[in-house]
Amino acid sequence: MMSIYSKIQALSKSVEDFNIKNKEDLESFRLQYVSRKGPLMTLFACMKTVAVAEKKKVGALLNTLKSSAQKKFSEAKNILYTPSSPHEVIADYTLPVADDLGACHPLSIITEKMVQVLQNIGFNLAEGPEIDTDWYNFTALNFPPQHPARDMQDTFFLSKDFLLRTHTSSVQIRMMEKNQLPLRIITPGRVFRKEAISARTHCMFHQMEALYVAKEVNFLQLKATLLYFVQNMFGSQTKMRLRPSYFPFTEPSAELDIACQVCLGKGCALCKNTGWVEIGGAGLVDPQVLLHCKIDPQKYRGFAFGMGIERIAMLLYRIDDIRLFTENDLQFLKQFKHVSF
Ligand code: DAH
């Protein structure tokens, strides 16, 4: 068994060797050598068993050790807790927080702007579920079962009956089923496709759909609404064009391009030298879709358009990799700290 003398000696050495570098070190030093529960106090308790002749000597050694531990503790505490100049305040919890607040995600900023622009001309916010049925995502939108148009959107099926929505067009149907006409809605939301993740494609992204159903609706109104939207998002001089296209739920259908923001239409890598970049799809609601929602196509018509929110954000902020939106890289996110529309 170690004699009490060697125990005192070992403890003195560890007190001496303990390097107090910061406040955490100081606290663990306190717990070990200053508090009432540490090994030093255990040695004091051993005094009971020390022979009477030795008691004085051992007591003196223990007291010296105790005061040197206490001295070391208060010296370190003074250094760590004393302001280095009289003006320096260690912590004032009443001060407002420093300039390190959170920031809005770029997608939130752009979504908010898109919503604002369309709310200004009477569109109302609507939403629908991310897990949906074949009916809302496909069949009601005039994608008949087995129709090849379903291959345009690679789908995550959750079961025979449920899938992850591949577009926000599914919300159109729910809104037409439930609401009175006329109807003007916008539906920003998350969508999913079974795509490999790369700089340009992702399996999860966001879209915003707009739908207008009323007695008098025509293609000119659609075009004017799109121009209003494009110029409010990208600048009042921005040119746009519509290209004939195909979507099962619109007839006629078009793809919406805007003049390339990088080369302003001259031709560059981003627009593959065409001067134009595609931002979404649009068209007049197919009468069959209205019928699926029990709306009489003889009395009512509609227009719709839909676009990817990431795509708009990438064009506006010149972001060249869609993966950045979901990586939570602070270096990336902090760039949007002071951005507001
Ligand atoms: N839902 C289509 C897609 O995800 C985009 C779209 C095209 C929406 C035309 C529309 C539309 O409302 O009219 O590819």
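The values are calculated or read from the model by the stated rules, or taken from the named source; none is laboratory data. Everything numeric here is computed off the predicted structure, so don't read it as measured data. Neighbour counts are summed over all protein chains in view; Cβ atoms, including those assigned to glycine, are modelled from backbone coordinates with ideal geometry. Ligands, DNA and RNA are excluded from the accessible area calculation, which covers all protein heavy atoms including side chains. Shrake-Rupley method; radii C 1.70, N 1.55, O 1.52, S 1.80 Å.
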Q) Given the conditions (1) surrounded by 15 or more Cβ atoms within 10 Å (Cβ to Cβ); (2) assigned by TED's automatic domain parsing to the domain that holds Met176; (3) in contact with a Leu (Cβ under 9 Å, 6 or more places away or on another chain), which single one is not true for Val117? A) (3)
Q | Those residues of the range 24-49 which are aliphatic (A, V, I, L, M) and either closer than 14 Å to Leu11 by Cβ or exposed (fewer than 15 other Cβ atoms within 10 Å of the Cβ) (or both), in sequence order | A | Leu31, Val34, Leu40, Met41, Leu43, Ala45, Met47
Q) Does Gly283 satisfy being open to solvent by less than 20 Å² (accessible area, probe 1.4 Å) and modelled with pLDDT of 95 or more? A) yes
Q: Could you pull out the residue among Leu315, Leu264, Leu330 that is open to solvent by less than 50 Å² (accessible area, probe 1.4 Å) and either out of contact with any Lys or Arg (no Cβ under 7 Å at 6 or more places or on another chain) or of a type in the set (A, V, I, L, M, F, W, C) (or both)?
A: Leu315
Q | Within the range 267-280, tally of residues that are open to solvent by 20 Å² or more (accessible area, probe 1.4 Å) and touching a Lys or Arg at 6+ places or on another chain (Cβ under 7 Å) | A | 1
Q | Any pair with Cβ under 9 angstrom, 6 or more apart, that starts in the range 304-317 at a residue that is touching a residue at least 12 places away in the same chain (Cβ under 8 Å) and ends at one that is within 13 Å of the ligand (Cβ to nearest atom) and hydroxyl-bearing (Ser, Thr, Tyr) | A | Ala304/Ser169; Ala304/Tyr212; Ala304/Thr250; Phe305/Thr225; Phe305/Thr250; Gly306/Thr168; Gly306/Ser169; Gly306/Thr187
**Q.** Single unsatisfied condition, Asp320 versus (1) within 16 Å of the ligand (Cβ to nearest atom); (2) more than 15 Å from Met233 (Cα to Cα)
**A.** (1)
Q: Taking Asp296 as meeting all but one of (1) surrounded by 20 or more Cβ atoms within 10 Å (Cβ to Cβ); (2) modelled with pLDDT of 95 or more; (3) not β-branched (Val, Ile, Thr), write down the number of the exception.
A: (1)
Q: Could you tell me which residue of the range 264-294 is farthest from Leu316 (Cα to Cα), considering only residues that are β-branched (Val, Ile, Thr) and within 16 Å of the ligand (Cβ to nearest atom)?
A: Val289
Q. How many residues are surrounded by fewer than 20 Cβ atoms within 10 Å (Cβ to Cβ) and within 16 Å of the ligand (Cβ to nearest atom) when one looks only at the range 229-241?
A. 2
Q | Test set (1) at pLDDT 95 or above; (2) farther than 24 Å from Ala199 by Cβ; (3) surrounded by fewer than 19 Cβ atoms within 10 Å (Cβ to Cβ); (4) away from the ligand (no atom under 11 Å from the Cβ) - Ser245 fails condition number | A | (4)
Q | Sole exception among (1) at pLDDT 95 or above; (2) away from the ligand (no atom under 11 Å from the Cβ); (3) polar (S, T, N, Q) for Ser198, by number | A | (1)
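Here's the yes/no breakdown for (1) in contact with a Cys (Cβ under 9 Å, 6 or more places away or on another chain); (2) of a type in the set (A, V, I, L, M); (3) modelled with pLDDT of 95 or more; (4) open to solvent by 50 Å² or more (accessible area, probe 1.4 Å):
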site: Asp132; (1), (2), (3), (4): no, no, yes, no
site: Leu141; (1), (2), (3), (4): no, yes, yes, no
site: Phe157; (1), (2), (3), (4): no, no, no, yes
site: Gln172; (1), (2), (3), (4): yes, no, yes, no
site: Pro182; (1), (2), (3), (4): no, no, yes, yes
Q. Condition test on Leu211, is it aliphatic (A, V, I, L, M), within 12 Å of the ligand (Cβ to nearest atom), in the same structural domain as Phe303 (by TED's automatic domain parsing) and in a strand (DSSP E or B)?
A. yes
